[in-house]
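A short reminder: the numbers here are calculations on the coordinates, not readings from a lab. It should be emphasised that the depicted structure is a prediction, and the values quoted were computed from it without experimental measurement. Heads up, the Cβs are rebuilt from the backbone with ideal geometry, glycines too, and the neighbour counts pull from every protein chain shown.
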Amino acid sequence: MTDRARAPAGSSTGGALRRIAAMLRDWVFYAYPLVLLVLLWEAANRLGLTRPLFLPSVPDVIRQFATMLVSGEIVGPLALSLYRAFAGLALATAFGVAIGLFMSRSRFAHWAFDPLVSIALPTPKIAFVPIFILWFGIDSLSKILLVAFTCVLPMVVATYHGAVGVSRSVIWSAEAMGTSESKMLYRVILPACMPYIFSGVRVTTPVALITAFTAEMIAGGGGVGANLMFAQRFFQTSTVFVDILVMLITGFVFDSILLRLRDRLIPWQDEAERQ
Amino acid sequence: MGTVAQRLIGAAGAPPRWLQSGARFVPVVLALTLWQVIVDLGLVNRDFLPSFSDTVAALAHMIRNGEIGLNLFVSLYRALSGLVIGSFLGIGIGLLMATSARADGFFGPLVATTYSLPKAALVPLFILWFGIGDVTNILTVVLACLLPVIVATYHGVKAVPPVLVWSARAMGTPGPAVLWRILLPAALGSILTGVRIALSFCFVLTISAEMIAAKTGIGKLIFIYGENGAYAFMFGGLMAVVIVAYAADRALVAAMHYILRWDDSLHSVTSYD
Amino acid sequence: MSRIVIAHLNKIYKSRTGDVPALIDINLDIGDGEFVSVIGPSGCGKSTLLYILGGFIAADGGSILVDGKPVTGPGTDRGIVFQEYALFPWLTVDQNIHYGLEMVGMSRRERDEIVRHLIRTVNLEGFERRFPRELSGGMKQRVAIARTLAYNPHILLLDEPFGALDSQTRESMQDELRRLWLKERKTVVMVTHDVNEAVYLSERVVVMSKRPGRIVEEFKIAVDRAGGREATVLSETFTRIRNEVWLSVRRQVGAAPGGADRNEMAGG
């Protein structure tokens, strides 16, 4: 939330290096509480305040991270988790947008779906894990469908709000120009909804990731979540830390990507949320 | 909304409020009927999807022998404790961040980075540190509820018009009093919206933690029945969860309606915004 | 003995792209019980001047003395009424007006008495339990004024208090303000962009230049208001003075930044 000043543009590699160094230095200053935490962590370890079983030392974790990275123990499971999360998100977006648009244009659809959405929204969808395992097994299918189930509702709501928010004058102008109902949906309402849909995707992506990871932790079947539980069962605390870090970094990276994408794709939107 | 009910009642005037809100749930009744029918007709294997009546029967059984009451109570205790602690802490931190540049610089990066971490991932770690039980569960819930409340409080306080603060100071309000007499009430709409989000989180995390590893709780109950193949009971537990979560959300919304009755910008806070 | 003495006041807004001077060398003496209006083109810094007087923002140079003491922050001696009313939306009309009294320290009964009297004064009887969102603009402004009057500040700072109201409401609020002032004789510093309002209410009108703002002209308003609004506004004296002030402001609107010099204006 603080402003970072840009280092002046330099020429050639000397300038580029200086810029990278400046960026790193800015980042360290910005993230100094994190740095502080890491230092405290290491200090606690050095001073013998904690046992390695409960709190492995910082170098241990880093070493474990490197080992796992090289051996593919991170990339493999992560790819699986990501696949599940995003496949589910894609499904949820497709269905959510369709239902949301439908609800905005048809009073019957709104009447039919509104109470269902309203009841399903506050429910902790994660409680459905055992059902999805029963129906679809332990592998990716159950996780993908659970993610889709969890993410479809926010997408419906986001799309619906975007669609009903399209100003009446825009719709009437289009009608006056002879737009058919299906054309109306594709060429007027859908584009007008894009900011809301995108915002919905942005908000729902962490949900997708969290649901995938958590479902793996509960049910197993591969992925970072399952790895984490496995490591914990065998008291491999360094691995536990590495997996937590992997989840953390993954979520952070995707949120940053989405933020940047949004600024690129929908530059006209005036966004009030920023964190 | 309620168009079908209105047509049924005819032009005799507006139907009573309770009928209107009841009519809203007709699609739910229809969906439940559909559920019952497709199982009874054998369209779906009863082993995979117990019927609505089977589920209700199982739930009634569990209510009678106290299983639901006990486990639901434990889960609610964990979830709501975590929510309350997380909310109070969150409001405090959010207030601090919004009024002190130093606090903002300190907590800001922490919030931004942990935002994307599934707090459930910390459960195995907490089990290692604190064992299986309430502490692990409540701690996880607190961490999950912190973030939405911090963010909502921060934005709410930042959005308070400066003239309100200036008026208060011109009337002699001392510095710290401005925080809880002016900033907090003015930001209440935003704060409570954050608490509503935290409410949904607290259930998710309590149940997640219980499904990962717990001795008691409704999440564990659902999980165990699932493992043992007693699917009607599993569905019964799930139904209890859906009802409780919905009721809790509605209760909060009703409370918000009353607490924020002075706020003219909150016309849509009660829908699923 | 002057109540407010402003000497060589400066205010500069600092930004990444450079410094923007808002006020330059403001000198103004306002006497005890005087009603002074500050008027000028948009963005000239008149509100900034008021906020500095109120102690909400700090000056960058020069001094402000109120009753001989420098201004260091907001205080109950300088009541302020904002254009946006700044009522506390979570408090009722009654509670809003009470708020000002809570910091003063008097018994519950005394406070209730004062609040009741004020509500009667601003004609809001029957609305004590309403929230601001249920009131019209004019009513909100009356609550704001009542709230500020409640703790009896010596000085009243008004920042375009009637700017958000429609003409009819504005006129009746102006009359009410004048009536209150005649009764209490507080020192009033009012910022407004409405020339008619300034001339109608004040004893003295101060004209500021375009940003960066400096005081370019002062008018002493010698108008006989005893005959009521119609007689006053339609009188020749009022019209003449009003036109002079209006022309002065217009010149500032059309002038270069920093204002048209007094010498330049001597011709007409």
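Quick one: length gained pulling B:ARG181 to B:LEU128 fully straight, 0.36 nm per residue minus the C-alpha distance? Don't skip to the end; give the middle numbers.
Numbers: separation 53, 0.36 × 53 = 19.08 nm, distance 4.28 nm.
Gain on stretching B:ARG181 to B:LEU128: 14.8 nm.
If you split all Cα-Cα distances of the stretch C:174-220 into 10 Å bins from zero, what percentages do you get per bin, shortest first?
Spelled out bin by bin, the stretch C:174-220 gives 23, 52, 21, 4 percent.
Which is the longest part of chain C that has none of the trypsin sites (Lys or Arg not before Pro) sitting in a DSSP loop with at most 13 other Cβ atoms within 10 Å? Intermediate results must be reported in sequence, preceding the final value.
On the way: sites that count: C:ARG16, C:ARG129, C:ARG185.
Value returned for the longest uninterrupted segment is C:17-128.
Rounded to the nearest 500, what is the 222 nm mean residue ellipticity of chain B from helices alone, with -39500 (n - 2.57) per DSSP H run of 4+ residues and division by all residues?
Working: 13 runs with 203 residues, N = 273.
Estimated from H runs of four or more residues: -24500 deg cm²/dmol.
Divide by every residue of chain A the summed helix terms, -39500 (n - 2.57) for each DSSP H run of at least 4, and state the resulting mean residue ellipticity at 222 nm, rounded to the nearest 500 deg cm²/dmol.
-25500 deg cm²/dmol
So if I place +1 on the C-beta of Lys and Arg and -1 on the C-beta of Asp and Glu, and nothing else carries charge, what would the dipole magnitude of chain C be about its Cα centre? I want it in debye, nearest 20. Write down the numbers at each step before the final one.
Values: 36 positive and 35 negative charges, 69 e Å.
Taking the Cα centre of chain C as origin, the dipole is about 340 debye.
Quick one, what does Rg over Rh come out to for the stretch A:17-168 if you take C-alpha atoms and the Kirkwood Rh? Mind showing how you got there, number by number?
On the way: Rg = 23.3 Å, Rh = 20.0 Å.
For the stretch A:17-168, the value is 1.17.
Over chain A, what is the relative contact order in whole percent, taking alpha-carbon pairs under 8 Å and six or more residues apart? Spell out each step's value before the answer.
Details: 272 pairs, mean separation 61.5, N = 275.
Dividing the mean separation by the residue count of chain A yields 22 percent.
Please compute the modelled spin-label separation between A:ALA21 and C:ARG185, points set 7 Å along Cα→Cβ, answer in nm with one decimal.
Result: 7.3 nm between the two label points.
Helix-only mean residue ellipticity at 222 nm, chain C, DSSP H runs n ≥ 4 weighted -39,500 (n - 2.57), per residue, nearest 500. What is it? Mind dumping the intermediate values first?
Values: 9 runs with 101 residues, N = 268.
So the calculated ellipticity at 222 nm is -11500 deg cm²/dmol.
Add +1 for every Lys or Arg and -1 for every Asp or Glu among the other residues with Cβ under 14 Å from the Cβ of B:ALA248, and state the total. Display every interim value, and only then the final one.
Working: positive: B:ARG78, B:ARG196, B:ARG250; negative: B:ASP249.
That works out to +2.
Give the residue from B:VAL28, B:GLY189, B:LEU147 lying farthest towards the positive end of the charge dipole for chain B; charges sit on Cβ (+1 for Lys and Arg, -1 for Asp and Glu) and the dipole is referred to the Cα centre.
Of the options given, the answer is B:GLY189.
Once you keep just the Cα pairs under 8 angstrom separated by 6 or more residues, what percentage relative contact order results for chain B?
Working: 283 pairs, mean separation 60.1, N = 273.
With pairs under 8 Å counted, the relative contact order is 22 percent.
Given B:LYS119/C:LYS14; C:LYS140/C:LYS186; A:LYS143/B:LYS158; B:LYS158/C:LYS69; C:LYS14/C:LYS186; C:LYS186/C:LYS210, which pairs have Cα atoms separated by over 31 Å?
Numbers: B:LYS119/C:LYS14 43 Å; C:LYS140/C:LYS186 22 Å; A:LYS143/B:LYS158 39 Å; B:LYS158/C:LYS69 33 Å; C:LYS14/C:LYS186 35 Å; C:LYS186/C:LYS210 29 Å.
Checking Cα-Cα distances, B:LYS119/C:LYS14; A:LYS143/B:LYS158; B:LYS158/C:LYS69; C:LYS14/C:LYS186 exceed 31 Å.
Mean Kyte-Doolittle of at least -0.5 plus a Cα span of 15 Å or more along the axis: flag which DSSP H helices in chain A meet both, please.
Values: long enough: A:12-30 (27 Å, 0.26); A:32-46 (21 Å, 1.05); A:58-71 (20 Å, 0.91); A:75-105 (44 Å, 1.38); A:107-120 (19 Å, 0.64); A:140-165 (37 Å, 1.52); A:190-219 (40 Å, 1.22); A:237-265 (42 Å, 1.22).
Taking the DSSP H segments of chain A (at least 15 Å long, mean hydropathy at least -0.5), we get A:12-30, A:32-46, A:58-71, A:75-105, A:107-120, A:140-165, A:190-219, A:237-265.
Where in chain B are the DSSP H helices whose C-alpha atoms run 30 Å or more along the long axis and whose mean Kyte hydropathy is at least 1.0?
Details: long enough: B:67-99 (48 Å, 1.50); B:134-158 (35 Å, 1.44); B:184-212 (40 Å, 1.67); B:231-259 (42 Å, 1.49).
Answer set is B:67-99, B:134-158, B:184-212, B:231-259.
With unit charges on the beta carbon (Lys/Arg positive, Asp/Glu negative), name the residue among A:ALA215, A:PRO115, A:LEU37 whose Cα is farthest towards the positive pole of the charge dipole of chain A.
The residue sitting farthest along the positive end of the dipole is A:LEU37.
Please report the net charge: other residues with Cβ closer than 12 Å to the Cβ of B:GLY175, K and R +1, D and E -1. Working shown, then result.
Values: positive: B:ARG169, B:ARG181; negative: none.
Net of charged neighbours comes to +2.
Taking chain A as a Gaussian network, where each spring joins two C-alpha atoms under 10 Å apart, which residue of A:THR204, A:THR237, A:THR13 fluctuates the most?
Of A:THR204, A:THR237, A:THR13, the Gaussian network model singles out A:THR13 as fluctuating most.
With an 8 Å Cα cut-off and a minimum separation of 6 or more residues, compute the relative contact order for the stretch A:114-258 in percent. Don't skip to the answer; put the middle values down first.
Values: 118 pairs, mean separation 35.1, N = 145.
After rounding, I find 24 percent.
Can you compute the charge dipole magnitude of the protein assembly as shown about its Cα centre, using +1 on each Lys and Arg Cβ and -1 on each Asp and Glu Cβ, nothing else charged? Give it in debye, rounded to the nearest 20.
Working: 74 positive and 63 negative charges, 80 e Å.
Here the size comes out at about 380 debye.
Once the piece of chain linking A:ARG46 and A:ALA66 is laid out straight, how much longer is it, given 0.36 nm per residue of separation minus the C-alpha distance between them? Please report the intermediate quantities before stating the final value.
On the way: separation 20, 0.36 × 20 = 7.20 nm, distance 2.15 nm.
Extra length from A:ARG46 to A:ALA66 when fully extended: 5.0 nm.
Could you tell me the center-to-center distance, by alpha carbons, between the stretch B:159-206 and the stretch B:99-127 in angstrom?
Value for the Cα centre distance between the two parts: 21 Å.
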